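Participant: Starting off with a structure, shown below.
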Amino acid sequence: MAQIVTIATILLLVSRCCVQAKGVFAHFMVGNTGNDFGISDWDTQFDKASEAGIQAFALNIAADWAGNDDAIHLAFLEASKPRFNIIKLFFSFDYAGGGAWDKEKVVSMINQYKSHGRYWQHDGPNGLQPLVSTFEGPDNAGDWKDIKARTGCFFMPDWSSLGAGPAAKLADGVADGLFSWAAWPWLGRKMDTYTDHSYMDALKIDDTHHKPYMMAVSPWFYTNMPGYNKNWLWKGGNLWYERWQQVWQLQPEYVEIISWNDFGESHYIGPLNEKEYTAFDTGEAPFNYVRGLEHAGWLEHLPFMIQTYLYGNSQFTRESVVVSHHATSAKVCTNGGGTTGNTASQLQLESNPEYISTDTLYIAALLTEPTEMYIQSTDGNHPVEVVQKDKWDIMPDGGVGLYYVRVPVQDPGNQHIGFSRNGIEIGGVNTDVSTECMSGGKMNWNARVSSDNWPLSKSGGPWEQKQDVEDRVCIQGWGEGLGFNDLCEFTCGLGYCPDSCVCENIGEQRDKPDPTYDKGFPANGDDNYAGLCDFACNLGHCPSEWCSPTKKPQYIPDTSPFLPDTCTKGTGTGDYVGLCDYACHFGFCPMHMCTCLVTGPLNLPPPVTDDMDWRVFRELNDSNLCWFACIRGYCPDNCKKALPSDEGGRWDFSWANRYAAIGDSYAAGIGIGALRTESDAYDCSRYDGAYPLKVQQIVQAKNFLFTACSGDTTVDMISKQIYKLGAIPRTPGDYYDLITVSAGGNDVGFSDVLKACVFLPTSPAKCTDALATAESNIDNRLETQVVSLLSALQPRLAIWTGVIAWTLYAKFFDEAPEPCNDQTWCFTPDPVSTLCAKVTVELRQEMNRLVGKTNDVLLSTFAQWNTQYPSTKVHAVEWSGFVMATDGQFCESDSADAVDDPSNDKLAFIRPNLNVYVPPTKGRLARHVLYDSGDASLNSTTEIEALLALRDTPGWLPDSISRNFHPNQLGASIQAELTVGVIAQAREDFLDPGIDISTCPLP
């Protein structure tokens, strides 16, 4: 790409204002940077973006992606290089791709990077503030009051699913500005600015003040990823240039280009990179429709367009051309691949894609004067097609600037676009409308973009447009519908282009006709015509169909006349007659299943009453008709057959194909049986007697993953264990049907309590401190940590049909005075045992209370989660009451001191053998040393000293010690049996609510 705007020009333009009040950003998908995306890759992105004049990347980050931290760290590190001093970064939190973000994580990330020299700062009335955006997330709008207070960020979310007015008012107007995702037209319409005006109106504070608006610009849209429930296109064409003309006219505070590297939706303008194609696999794309199709040509004119927006004008020293079209010829590749034009998923009227995206060359040129262009197909017999120098669709006022035109393809294949002055070609570009289809004769609707540039053919320069943007008015425009188009073509050509019109070219004010002083009023009373009729009639253009000389009662329509119609009545065949009749009435009328009979303004669909995931019905291959209807209460029999059945009986777990067991030492089974053989089993103290293995023996999941690791907090589980579960699934078979969890104890600090109060000789003050710290963690940390873990699990669980079974903790002690009141359970002999605390009633009561309080917080958190996310409920396994009822606690009144005494047979926990020290094998006192099953007396001064040193060592004790107070074989069996019961009941609640699974015999 030629650098058509010189560095000197950029510096000159920048110097016009000390603080830049506007900015141009590009949406950057951080989730595409896996697969060893490294320093050189980031450098390439920054190089290309800086050359194009892009000022910042909006870093789209999904909540669950394991690579976020590393990618963001590397991005800021590389952006700090001096040669990238133009480019900055800011966060765009994606609440759709991986679920809702945890508020605390958002706060932490903003605070970590907001002061970085490469973080974009919004300069407003409150000074510099770090800019933050989102992709959707209106359900979490309330979080942003606290996030803003704790970070000082300037918040401009994209809540386009709500519309402008509701988004501006959401959460008491928490948004400081808004970003609209509306960047593509519907059906065959040209891109309009009606949505932009609705946002700008909604953001008005008073007649002179408004909140900032961020406007979306995009060149193309095509996606074919069934795994994401996406297969449609929107009209592209000259959208890239139409939209920048609108930016120049509207002058929003910010512009965000969609996108830099979202290859799955084909609107990328950044460089291709084989490392960024993961989405084509997870999205089950039938073919990679990006490979080999660079869109860098769209960068050719971007510096000119950006500088014109930012500073009102721009200079260039080379002329250039960009041509785009879809990659393969629709005349040859007649298999559309099931792609639709528009999508019923957004309640749009669908059509055949070739009606929207035809075999057409979309040509844009940056020229110093009107120039003749010709097109020659080198593979066909049609004559050369000439576009006369005054026949472009859009021509810059004064002759200097951007020209663009659309020309139908006569013959597919190789095309040459040439430019000539005085009969001599001055420049041009070649392209190929390919006749080589994708597999199965499928059409590739992605764009091929080609560009070239050449030296100026006339002396002088650098060249710039006749006037700065601020001195230009509309000179060409249109309106939606016959009436508005008639009036808007007239009024916009004379500089008056109100919100009911769309301006498509700006320039010097044209001379107006002499006024007639005739009055004009809306003929039909629609207030949207008022200004147009008043202006036009006064200048001699007063069409009677739309304007009247007499005033009639005016009204504001309930439905905007500028919104495109959608389906309001439709029908189907066979089993789908009723479904199509229902869904089409509400705009959901997929063309491959239904026929739309009547169109009109959208009838709002009924509210969702049963938020099932679309994947539940995927096997029906019905274009999501059953999903749309069933979640709203209309679910006929041909839809219900997709719902899971219970043909195998109450205790049939054949539905659980994928089972993951995560958690702490309670799930890892520390000390039960033998150490497992996985490579990380030694480090995680994972044993073969663990309760998840007993659950698996009953469930018999085809795919079982056991990642539980002793000592892990919920944060550790998110970063290490869930990572092993793999990337977020995109196909039904990759979701987990069952996940068992044991977590929270390490977040509370139970191990430190046992260490300070039971296992090691310490002062009473250390025990008191450990107990107080544990209670503080329960009060202040536990709930947030649990929600974070659930949020990370949520996108990996099968919606509705999946089960999370979370095992709580059991109270360790019977609280009777005897027989433990005078005992110490230290792992040291005299003389140091005098420092060991006794297992008094008071200590036992306090430890039991903390266990009970931990369980209460877990249950409360689960209840809140299940209310907010009913499709991914968590089910508690409560086993403490069972242990108490079966005399399985420590210090039962009839228990003996010796562990192997028959009176201790009912114990559910591993208990220390009093006054006997069990040294770790291999002479190591480290966290993960295996315990020796034989007892041995402590006889080494070195071992005593090493053990005493553990009092002040962070972390866990050797397994020979830390296995105590954990479930033994009996305890693990109790956990497993109760867990299986909870899983079965959860499944029954989904299939047949109201059935108590406890009435069914165990298998």
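Participant: If you check S133 against the conditions, is it under 17 Å from E253 (Cα atoms) and among the hydroxyl-bearing types (S, T, Y)?
Facilitator: yes
Participant: V332 fails exactly one of the following numbered conditions: (1) within 24 Å of the chain's Cα centre (by Cα); (2) of a type in the set (A, V, I, L, M, F, W, C); (3) open to solvent by 20 Å² or more (accessible area, probe 1.4 Å); (4) over 30 Å from W627 (Cβ atoms). What is the number of that condition?
Facilitator: Going through the list (1) within 24 Å of the chain's Cα centre (by Cα); (2) of a type in the set (A, V, I, L, M, F, W, C); (3) open to solvent by 20 Å² or more (accessible area, probe 1.4 Å); (4) over 30 Å from W627 (Cβ atoms), V332 breaks only (1).
Participant: Separate question: Restricting attention to region 525-539, and to residues there that are touching a helix residue (DSSP H, G or I) at 6+ places or on another chain (Cβ under 9 Å) and without any contact (Cβ under 8 Å) to a residue 40 or more places away in the chain, which single residue is most open to solvent (accessible area, probe 1.4 Å)?
Facilitator: G531
Participant: So, one more: Condition check: open to solvent by 60 Å² or more (accessible area, probe 1.4 Å), of a type outside the set (A, V, I, L, M, F, W, C), out of contact with any His (no Cβ under 8 Å at 6 or more places or on another chain) and free of Cβ contacts under 8 Å to residues at least 24 places away in the same chain. Does G423 satisfy that?
Facilitator: Yes; evaluated as a whole, the condition is true for this residue.
Participant: Look through region 265-286, keep the residues that are open to solvent by 10 Å² or more (accessible area, probe 1.4 Å) and in a helix (DSSP H, G or I), and return whichever of them is nearest to H197 (Cα to Cα).
Facilitator: If we take residues in region 265-286 being open to solvent by 10 Å² or more (accessible area, probe 1.4 Å) and in a helix (DSSP H, G or I), then E265 is nearest to H197 (Cα to Cα).
Participant: Follow-up question, since we're still on this one. In the list A656, A642, A660, A690, which residue meets the criterion of being open to solvent by less than 50 Å² (accessible area, probe 1.4 Å), out of contact with any His (no Cβ under 6 Å at 6 or more places or on another chain) and without any contact (Cβ under 8 Å) to a residue 60 or more places away in the chain?
Facilitator: On inspection, the qualifying residue turns out to be A642.
Participant: Could you tell me whether N780 is open to solvent by 40 Å² or more (accessible area, probe 1.4 Å), within 21 Å of D716 (Cβ to Cβ) and not charged (D, E, K, R)?
Facilitator: Against the criterion (open to solvent by 40 Å² or more (accessible area, probe 1.4 Å), within 21 Å of D716 (Cβ to Cβ) and not charged (D, E, K, R)), N780 qualifies.
Participant: Suppose we filter L858, L907 for residues that are of a type in the set (A, V, I, L, M, F, W, C), in a helix (DSSP H, G or I) and crowded, with 17+ Cβ neighbours inside 10 Å; which single one remains?
Facilitator: Just one listed residue meets the conditions, L858.
Participant: Something else now. Would you mind stating whether D514 is more than 29 Å from E372 (Cβ to Cβ), open to solvent by 20 Å² or more (accessible area, probe 1.4 Å) and either at pLDDT 95 or above or touching a strand residue (DSSP E or B) at 6+ places or on another chain (Cβ under 6 Å) (or both)?
Facilitator: Considered against the rule, which asks whether it is more than 29 Å from E372 (Cβ to Cβ), open to solvent by 20 Å² or more (accessible area, probe 1.4 Å) and either at pLDDT 95 or above or touching a strand residue (DSSP E or B) at 6+ places or on another chain (Cβ under 6 Å) (or both), D514 comes out as yes.
Participant: When you go through (1) touching a Gly at 6+ places or on another chain (Cβ under 7 Å); (2) closer than 14 Å to F535 by Cα one by one for L494, which number turns out not to apply?
Facilitator: L494 satisfies all of (1) touching a Gly at 6+ places or on another chain (Cβ under 7 Å); (2) closer than 14 Å to F535 by Cα except (1).
Participant: Could you please find all residues in region 350-379 being part of a loop (DSSP other than H, G, I, E, B) and either hydroxyl-bearing (S, T, Y) or crowded, with 21+ Cβ neighbours inside 10 Å (or both)?
Facilitator: Result: E350, S357, T358, T368, T371, T378.
Participant: So if I check each of P549, P557, which one is open to solvent by 60 Å² or more (accessible area, probe 1.4 Å) and over 31 Å from the mean Cα position of the chain (by Cα)?
Facilitator: The unique qualifying residue is P549.
Participant: Separate question: Please specify each residue of region 426-440 satisfying the condition of being open to solvent by less than 60 Å² (accessible area, probe 1.4 Å), more than 19 Å from D411 (Cβ to Cβ) and either small (G, A, S) or assigned to a loop (DSSP other than H, G, I, E, B) (or both).
Facilitator: The answer is G427, and nothing else.
Participant: Among the residues of region 287-329, write down those that are of a type outside the set (S, T, Y), open to solvent by 10 Å² or more (accessible area, probe 1.4 Å) and either in contact with a Pro (Cβ under 8 Å, 6 or more places away or on another chain) or under 20 Å from Y355 (Cα atoms) (or both).
Facilitator: E294, A296, Q315, R318
Participant: Further question: Name the residue, out of W260, W234, that is modelled with pLDDT of 95 or more, farther than 16 Å from S324 by Cβ and not aliphatic (A, V, I, L, M).
Facilitator: Residue meeting the stated conditions: W260.
Participant: If you take the residues in region 204-234 that are surrounded by fewer than 21 Cβ atoms within 10 Å (Cβ to Cβ) and of a type in the set (A, V, I, L, M), which one is farthest from the chain's Cα centre (by Cα)?
Facilitator: Going through the qualifying residues, I end up with I205.
Participant: List, please: which pairs have Cβ atoms under 8 Å, are six or more places apart or on different chains, and start with a residue in region 436-456 that is of a type in the set (S, T, Y) and end with one that is in a helix (DSSP H, G or I) and surrounded by fewer than 21 Cβ atoms within 10 Å (Cβ to Cβ)?
Facilitator: Note: pairs meeting the criteria are S451/A296.
For (1) touching a residue at least 40 places away in the same chain (Cβ under 8 Å); (2) farther than 23 Å from S962 by Cα; (3) more than 26 Å from the chain's Cα centre (by Cα), each residue gets a yes or a no:
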{"residue": "V748", "(1), (2), (3)": "yes, no, yes"}
{"residue": "L754", "(1), (2), (3)": "yes, no, yes"}
{"residue": "P761", "(1), (2), (3)": "yes, no, yes"}
{"residue": "A770", "(1), (2), (3)": "no, no, yes"}
{"residue": "I778", "(1), (2), (3)": "yes, no, yes"}
{"residue": "Q785", "(1), (2), (3)": "yes, yes, no"}
{"residue": "L793", "(1), (2), (3)": "yes, yes, no"}
{"residue": "A798", "(1), (2), (3)": "yes, yes, no"}
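Participant: What are the residue pairs meeting all of these: first residue in region 838-861, first residue in the same structural domain as S763 (by the TED database), second residue assigned to a strand (DSSP E or B), Cβ atoms under 6 Å, and 6 or more apart or on different chains?
Facilitator: Within 6 Å, the pairs are K838/T824; R844/F813; N848/F813; L859/A876.
Participant: Which of the residues that make up region 180-201 are more than 27 Å from E350 (Cβ to Cβ) and crowded, with 20+ Cβ neighbours inside 10 Å?
Facilitator: Within region 180-201, just M200 meets the criteria.
Participant: Another question, then. So which residues in region 738-752 are over 15 Å from A690 (Cβ atoms) and of a type in the set (S, T, Y), if there are any at all?
Facilitator: Across region 738-752, the qualifying residue is only S751.
One line per residue, one yes/no per condition, for (1) among the hydroxyl-bearing types (S, T, Y); (2) outside any loop (DSSP other than H, G, I, E, B); (3) modelled with pLDDT under 90:
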{"position": "C584", "(1), (2), (3)": "no, yes, no"}
{"position": "C589", "(1), (2), (3)": "no, no, no"}
{"position": "H592", "(1), (2), (3)": "no, no, no"}
{"position": "V598", "(1), (2), (3)": "no, yes, no"}
{"position": "N603", "(1), (2), (3)": "no, no, no"}
{"position": "D611", "(1), (2), (3)": "no, no, yes"}
{"position": "R615", "(1), (2), (3)": "no, yes, yes"}
{"position": "Y634", "(1), (2), (3)": "yes, no, no"}
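Participant: May I pose another question? When you look at P601, is it touching a Ser or Thr at 6+ places or on another chain (Cβ under 7 Å), in contact (Cβ under 8 Å) with a residue 12 or more places away in the chain and not polar (S, T, N, Q), yes or no?
Facilitator: Against the criterion (touching a Ser or Thr at 6+ places or on another chain (Cβ under 7 Å), in contact (Cβ under 8 Å) with a residue 12 or more places away in the chain and not polar (S, T, N, Q)), P601 qualifies.
Participant: Check P636, P601, P607 and return the single one that is exposed (fewer than 15 other Cβ atoms within 10 Å of the Cβ) and not aliphatic (A, V, I, L, M).
Facilitator: P607 is the lone residue from the list that is exposed (fewer than 15 other Cβ atoms within 10 Å of the Cβ) and not aliphatic (A, V, I, L, M).
Participant: Hey, among the residues in region 31-64 that are of a type in the set (V, I, T) and closer than 30 Å to L797 by Cα, which one's modelled with the lowest pLDDT?
Facilitator: This residue is T33.
The values are calculated or read from the model by the stated rules, or taken from the named source; none is laboratory data. Note that the coordinates shown come from a computational prediction; the quantities given were computed from them, not determined experimentally. All Cβ positions, glycine included, derive from the backbone under ideal geometry; neighbour counts span all protein chains shown. Keep in mind that these areas ignore ligands, DNA and RNA; they rest on the heavy atoms of the full protein, side chains included. Shrake-Rupley method; radii C 1.70, N 1.55, O 1.52, S 1.80 Å.
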